[in-house]
Amino acid sequence: MDAPSTRSLSALVGADRPVRRHRVRGVLQAAFRRKTFTIGVVLIAIFAFCALFADTVAHQSYSKVDYKAKMLSPSSEHIFGTDAQGRDIFSRVVHGTRVSFKVAFVSVLIATVIGVPLGLFAGFFGGWPDILISRFLDAMFAFPVLLMAIAILAITGVGLKGAIIAIGLIAIPEFARVSRSTVIAEKENDYVLAARAIGCSAQRIVFRQIVPNTLGPIVVLVSLGFAFAILNETALSFLGLGAQPPTPSWGADLADGRRYLRDDPWLCVFPGVAIFLFVLAINLTGDGLRDLLDPRRNKR
(Lines give C-alpha, C1' and ligand atoms only; values in the text may rest on other atoms or scores of the structure.)
Protein backbone atom coordinates (compact mmCIF):
# COMPACT_ATOMS: atom_id res chain seq x y z
CA MET A 1 0.00 0.00 0.00
CA ASP A 2 2.85 2.38 0.81
CA ALA A 3 4.62 2.00 -2.53
CA PRO A 4 1.55 2.71 -4.72
CA SER A 5 0.53 5.65 -2.54
CA THR A 6 4.06 7.08 -2.74
CA ARG A 7 4.05 6.55 -6.50
CA SER A 8 0.69 8.27 -6.88
CA LEU A 9 1.82 11.19 -4.73
CA SER A 10 4.96 11.71 -6.78
CA ALA A 11 2.89 11.49 -9.95
CA LEU A 12 0.56 14.21 -8.66
CA VAL A 13 3.50 16.45 -7.74
CA GLY A 14 5.09 15.86 -11.13
CA ALA A 15 1.84 16.60 -12.91
CA ASP A 16 1.46 19.84 -10.95
CA ARG A 17 4.82 21.23 -12.14
CA PRO A 18 3.76 21.84 -15.77
CA VAL A 19 0.62 23.57 -14.49
CA ARG A 20 2.73 25.91 -12.35
CA ARG A 21 5.08 26.60 -15.26
CA HIS A 22 2.11 27.34 -17.46
CA ARG A 23 0.71 29.77 -14.87
CA VAL A 24 4.04 31.57 -14.47
CA ARG A 25 4.41 31.78 -18.25
CA GLY A 26 0.87 33.11 -18.52
CA VAL A 27 1.52 35.79 -15.89
CA LEU A 28 4.72 36.90 -17.66
CA GLN A 29 2.96 37.03 -21.02
CA ALA A 30 0.12 39.05 -19.52
CA ALA A 31 2.64 41.41 -17.93
CA PHE A 32 4.58 42.13 -21.09
CA ARG A 33 1.39 42.56 -23.11
CA ARG A 34 0.97 45.80 -21.14
CA LYS A 35 3.04 48.31 -23.07
CA THR A 36 3.44 50.68 -20.12
CA PHE A 37 4.73 47.87 -17.90
CA THR A 38 7.20 46.81 -20.59
CA ILE A 39 8.43 50.39 -21.02
CA GLY A 40 8.90 50.71 -17.26
CA VAL A 41 10.85 47.45 -17.00
CA VAL A 42 13.10 48.40 -19.94
CA LEU A 43 13.87 51.82 -18.46
CA ILE A 44 14.65 50.33 -15.06
CA ALA A 45 16.93 47.77 -16.74
CA ILE A 46 18.80 50.61 -18.48
CA PHE A 47 19.25 52.51 -15.22
CA ALA A 48 20.34 49.33 -13.45
CA PHE A 49 22.92 48.68 -16.18
CA CYS A 50 24.26 52.22 -15.76
CA ALA A 51 24.45 51.77 -11.98
CA LEU A 52 26.29 48.44 -12.20
CA PHE A 53 28.70 49.47 -14.95
CA ALA A 54 28.97 53.20 -14.30
CA ASP A 55 32.76 53.23 -14.68
CA THR A 56 32.45 51.55 -18.10
CA VAL A 57 29.54 53.64 -19.36
CA ALA A 58 31.08 56.97 -18.27
CA HIS A 59 34.83 57.18 -18.88
CA GLN A 60 35.27 60.69 -17.46
CA SER A 61 35.72 61.27 -13.74
CA TYR A 62 32.64 62.64 -12.01
CA SER A 63 34.68 64.50 -9.36
CA LYS A 64 37.69 65.81 -11.32
CA VAL A 65 37.73 69.62 -11.34
CA ASP A 66 39.05 71.26 -14.52
CA TYR A 67 38.49 75.02 -14.65
CA LYS A 68 39.91 75.14 -18.18
CA ALA A 69 36.95 73.06 -19.38
CA LYS A 70 34.18 74.64 -17.31
CA MET A 71 30.74 75.43 -18.76
CA LEU A 72 31.34 73.57 -22.03
CA SER A 73 28.25 72.82 -24.11
CA PRO A 74 27.45 69.19 -25.08
CA SER A 75 30.00 67.78 -27.52
CA SER A 76 31.57 64.50 -28.55
CA GLU A 77 34.08 64.71 -25.71
CA HIS A 78 31.53 65.75 -23.08
CA ILE A 79 28.15 64.35 -24.15
CA PHE A 80 26.15 66.36 -21.60
CA GLY A 81 28.64 69.22 -21.30
CA THR A 82 30.47 70.36 -18.16
CA ASP A 83 29.45 72.32 -15.09
CA ALA A 84 30.87 75.46 -13.46
CA GLN A 85 33.81 73.45 -12.04
CA GLY A 86 34.60 71.63 -15.26
CA ARG A 87 33.17 68.29 -14.13
CA ASP A 88 31.64 66.03 -16.76
CA ILE A 89 27.84 66.11 -16.38
CA PHE A 90 27.28 62.78 -18.18
CA SER A 91 29.57 61.03 -15.71
CA ARG A 92 27.81 62.66 -12.77
CA VAL A 93 24.38 61.65 -14.07
CA VAL A 94 25.48 58.04 -14.65
CA HIS A 95 27.22 57.69 -11.28
CA GLY A 96 24.26 59.45 -9.66
CA THR A 97 22.20 56.41 -10.67
CA ARG A 98 24.18 54.36 -8.15
CA VAL A 99 23.34 56.82 -5.39
CA SER A 100 19.64 56.75 -6.32
CA PHE A 101 19.52 52.94 -6.30
CA LYS A 102 21.34 52.80 -2.97
CA VAL A 103 18.98 55.31 -1.37
CA ALA A 104 15.90 53.57 -2.80
CA PHE A 105 16.86 50.04 -1.73
CA VAL A 106 18.12 50.80 1.77
CA SER A 107 15.38 53.28 2.72
CA VAL A 108 12.60 51.01 1.43
CA LEU A 109 14.19 48.10 3.28
CA ILE A 110 14.10 50.12 6.52
CA ALA A 111 10.45 51.06 5.96
CA THR A 112 9.48 47.47 5.11
CA VAL A 113 11.31 45.80 8.01
CA ILE A 114 9.79 48.18 10.57
CA GLY A 115 6.48 49.25 9.05
CA VAL A 116 5.09 45.93 7.80
CA PRO A 117 5.47 44.01 11.13
CA LEU A 118 3.93 46.99 12.96
CA GLY A 119 0.92 46.90 10.65
CA LEU A 120 0.60 43.11 10.89
CA PHE A 121 0.68 43.20 14.69
CA ALA A 122 -1.83 46.05 14.97
CA GLY A 123 -4.23 44.63 12.39
CA PHE A 124 -4.25 41.04 13.65
CA PHE A 125 -4.47 41.54 17.42
CA GLY A 126 -6.50 44.77 17.48
CA GLY A 127 -7.47 46.20 20.86
CA TRP A 128 -5.13 48.56 22.70
CA PRO A 129 -2.03 47.64 20.60
CA ASP A 130 -3.94 48.67 17.49
CA ILE A 131 -5.06 51.91 19.15
CA LEU A 132 -1.53 52.85 20.28
CA ILE A 133 0.09 52.03 16.95
CA SER A 134 -2.65 53.73 14.93
CA ARG A 135 -2.44 56.94 16.99
CA PHE A 136 1.35 56.93 16.62
CA LEU A 137 0.99 56.56 12.85
CA ASP A 138 -1.62 59.34 12.77
CA ALA A 139 0.80 61.63 14.60
CA MET A 140 3.52 60.89 12.04
CA PHE A 141 1.08 61.50 9.18
CA ALA A 142 0.28 64.93 10.66
CA PHE A 143 3.79 66.23 9.88
CA PRO A 144 4.81 67.20 6.33
CA VAL A 145 7.13 64.55 4.92
CA LEU A 146 10.00 66.87 4.02
CA LEU A 147 9.81 68.73 7.32
CA MET A 148 10.00 65.47 9.24
CA ALA A 149 12.98 64.36 7.16
CA ILE A 150 14.79 67.62 7.96
CA ALA A 151 14.03 67.14 11.66
CA ILE A 152 15.48 63.60 11.56
CA LEU A 153 18.55 64.89 9.72
CA ALA A 154 19.08 67.36 12.55
CA ILE A 155 19.54 64.31 14.80
CA THR A 156 21.39 61.91 12.47
CA GLY A 157 23.51 64.56 10.78
CA VAL A 158 23.63 65.92 7.24
CA GLY A 159 24.84 63.54 4.54
CA LEU A 160 23.82 60.57 2.43
CA LYS A 161 23.66 58.14 5.36
CA GLY A 162 21.44 60.49 7.36
CA ALA A 163 19.22 61.08 4.32
CA ILE A 164 18.73 57.32 3.84
CA ILE A 165 17.74 56.87 7.49
CA ALA A 166 15.38 59.86 7.36
CA ILE A 167 13.68 58.70 4.15
CA GLY A 168 13.27 55.19 5.53
CA LEU A 169 11.74 56.43 8.78
CA ILE A 170 9.25 58.81 7.17
CA ALA A 171 8.02 55.98 4.92
CA ILE A 172 7.19 53.68 7.87
CA PRO A 173 3.63 55.02 8.44
CA GLU A 174 2.58 54.29 4.87
CA PHE A 175 3.89 50.73 4.98
CA ALA A 176 2.32 50.11 8.39
CA ARG A 177 -1.04 51.55 7.31
CA VAL A 178 -1.24 49.43 4.15
CA SER A 179 -0.19 46.18 5.87
CA ARG A 180 -2.65 46.84 8.73
CA SER A 181 -5.59 47.39 6.37
CA THR A 182 -4.80 44.25 4.36
CA VAL A 183 -4.55 42.13 7.52
CA ILE A 184 -7.88 43.46 8.82
CA ALA A 185 -9.49 42.54 5.49
CA GLU A 186 -8.00 39.04 5.50
CA LYS A 187 -8.34 37.94 9.13
CA GLU A 188 -12.13 37.60 8.93
CA ASN A 189 -12.02 35.19 5.98
CA ASP A 190 -13.09 31.58 6.36
CA TYR A 191 -9.61 30.09 6.04
CA VAL A 192 -8.43 32.11 9.07
CA LEU A 193 -11.48 31.06 11.10
CA ALA A 194 -10.83 27.43 10.12
CA ALA A 195 -7.18 27.72 11.19
CA ARG A 196 -8.27 29.09 14.56
CA ALA A 197 -10.85 26.31 14.92
CA ILE A 198 -8.24 23.56 14.56
CA GLY A 199 -6.01 25.23 17.15
CA CYS A 200 -3.31 26.91 15.03
CA SER A 201 -1.15 29.40 16.91
CA ALA A 202 -1.36 33.12 16.16
CA GLN A 203 2.17 33.06 14.74
CA ARG A 204 1.31 30.25 12.32
CA ILE A 205 -1.93 31.95 11.24
CA VAL A 206 -0.16 35.25 10.55
CA PHE A 207 2.91 33.94 8.71
CA ARG A 208 1.46 30.85 7.01
CA GLN A 209 -2.08 31.99 6.25
CA ILE A 210 -2.41 35.78 6.21
CA VAL A 211 0.98 37.09 5.05
CA PRO A 212 1.02 35.16 1.71
CA ASN A 213 -2.38 36.65 0.88
CA THR A 214 -1.28 40.21 1.67
CA LEU A 215 1.89 40.23 -0.41
CA GLY A 216 0.21 41.79 -3.45
CA PRO A 217 -0.44 45.27 -2.00
CA ILE A 218 2.88 45.22 -0.13
CA VAL A 219 4.86 44.38 -3.29
CA VAL A 220 3.16 47.23 -5.14
CA LEU A 221 3.84 49.59 -2.24
CA VAL A 222 7.50 48.58 -2.19
CA SER A 223 7.84 49.27 -5.92
CA LEU A 224 6.22 52.70 -5.58
CA GLY A 225 8.29 53.36 -2.44
CA PHE A 226 11.39 53.45 -4.62
CA ALA A 227 10.00 56.48 -6.47
CA PHE A 228 9.08 58.09 -3.15
CA ALA A 229 12.63 57.58 -1.86
CA ILE A 230 14.32 58.94 -5.00
CA LEU A 231 12.17 62.09 -5.05
CA ASN A 232 12.82 62.76 -1.38
CA GLU A 233 16.56 62.19 -1.71
CA THR A 234 16.57 64.58 -4.66
CA ALA A 235 14.73 67.21 -2.61
CA LEU A 236 17.09 66.84 0.36
CA SER A 237 20.18 67.00 -1.86
CA PHE A 238 18.74 70.04 -3.63
CA LEU A 239 18.53 71.75 -0.22
CA GLY A 240 22.09 70.70 0.57
CA LEU A 241 21.07 68.16 3.25
CA GLY A 242 21.59 64.94 1.30
CA ALA A 243 24.65 63.73 -0.59
CA GLN A 244 27.62 66.05 -0.04
CA PRO A 245 30.28 66.96 -2.65
CA PRO A 246 31.93 65.33 -4.45
CA THR A 247 29.32 62.53 -4.28
CA PRO A 248 27.22 62.74 -7.46
CA SER A 249 23.55 63.42 -6.81
CA TRP A 250 20.88 64.53 -9.26
CA GLY A 251 19.35 66.88 -6.70
CA ALA A 252 22.68 68.53 -5.90
CA ASP A 253 23.43 68.94 -9.62
CA LEU A 254 20.04 70.63 -10.08
CA ALA A 255 20.83 73.01 -7.23
CA ASP A 256 24.24 73.85 -8.72
CA GLY A 257 22.85 74.39 -12.21
CA ARG A 258 19.80 76.49 -11.40
CA ARG A 259 21.90 79.68 -11.31
CA TYR A 260 22.88 79.16 -14.95
CA LEU A 261 19.50 77.97 -16.21
CA ARG A 262 18.95 80.90 -18.57
CA ASP A 263 22.30 80.71 -20.41
CA ASP A 264 23.37 77.08 -19.89
CA PRO A 265 20.20 75.00 -19.49
CA TRP A 266 21.94 71.64 -19.97
CA LEU A 267 23.22 71.88 -16.37
CA CYS A 268 19.66 71.27 -15.14
CA VAL A 269 18.05 69.54 -18.12
CA PHE A 270 20.00 66.28 -18.03
CA PRO A 271 19.76 65.60 -14.25
CA GLY A 272 16.09 66.61 -14.40
CA VAL A 273 15.40 64.23 -17.30
CA ALA A 274 17.15 61.41 -15.41
CA ILE A 275 14.93 61.99 -12.36
CA PHE A 276 11.82 62.16 -14.54
CA LEU A 277 12.57 58.95 -16.46
CA PHE A 278 13.60 56.96 -13.39
CA VAL A 279 10.51 57.90 -11.37
CA LEU A 280 8.29 57.38 -14.42
CA ALA A 281 9.76 53.90 -14.98
CA ILE A 282 9.14 52.91 -11.35
CA ASN A 283 5.56 54.20 -11.45
CA LEU A 284 4.80 52.38 -14.72
CA THR A 285 6.22 49.16 -13.30
CA GLY A 286 4.29 49.59 -10.06
CA ASP A 287 1.03 50.17 -11.93
CA GLY A 288 1.65 47.03 -13.97
CA LEU A 289 2.33 44.99 -10.84
CA ARG A 290 -0.85 46.32 -9.25
CA ASP A 291 -2.90 45.19 -12.25
CA LEU A 292 -1.27 41.76 -12.30
CA LEU A 293 -1.68 41.15 -8.57
CA ASP A 294 -5.30 42.33 -8.45
CA PRO A 295 -7.47 39.16 -8.54
CA ARG A 296 -10.54 41.08 -9.75
CA ARG A 297 -8.67 42.34 -12.80
CA ASN A 298 -7.24 38.87 -13.45
CA LYS A 299 -10.74 37.34 -13.45
CA ARG A 300 -11.86 39.84 -16.03
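The values are calculated or read from the model by the stated rules, or taken from the named source; none is laboratory data. These numbers were taken from a predicted model, which means no experiment stands behind them. Every residue, glycine among them, receives a Cβ derived from its backbone with ideal geometry; neighbour counts consider all protein chains shown. Calculation scope for accessible area: heavy atoms of the full protein, side chains included, ligands and nucleic acids excluded. Shrake-Rupley method; radii C 1.70, N 1.55, O 1.52, S 1.80 Å.
Things worth noting here:
- One residue from V158, V219 being open to solvent by 70 Å² or more (accessible area, probe 1.4 Å), of a type outside the set (D, E) and touching a residue at least 60 places away in the same chain (Cβ under 8 Å): V158
- Annotation note: Cβ proximity below 9 Å between a residue of the stretch 230-241 that is free of Cβ contacts under 8 Å to residues at least 60 places away in the same chain and assigned to a helix (DSSP H, G or I) and a residue that is surrounded by fewer than 22 Cβ atoms within 10 Å (Cβ to Cβ) and small (G, A, S) (sequence gap 6+ or interchain) occurs for F238/A255.
- Among (1) open to solvent by less than 20 Å² (accessible area, probe 1.4 Å); (2) closer than 30 Å to V99 by Cα; (3) at pLDDT below 90 - the single one G126 does not satisfy: (2)
- The stretch 248-294, residues that are hydroxyl-bearing (S, T, Y) and open to solvent by 10 Å² or more (accessible area, probe 1.4 Å): Y260, T285
- The residue of the stretch 76-109 that is surrounded by the most Cβ atoms within 10 Å (Cβ to Cβ), among those that are out of contact with any Lys or Arg (no Cβ under 9 Å at 6 or more places or on another chain), touching a residue at least 12 places away in the same chain (Cβ under 8 Å) and not in a helix (DSSP H, G or I), is G81.
- Taking the numbered list (1) open to solvent by 40 Å² or more (accessible area, probe 1.4 Å); (2) hydroxyl-bearing (S, T, Y); (3) farther than 17 Å from A111 by Cα in turn, S237 passes all entries but (1).
- Residues considered: I150, I131, I165. Of these, the only one that is of a type in the set (A, V, I, L, M), in contact (Cβ under 8 Å) with a residue 60 or more places away in the chain, open to solvent by 60 Å² or more (accessible area, probe 1.4 Å) and part of a helix (DSSP H, G or I) is I150.
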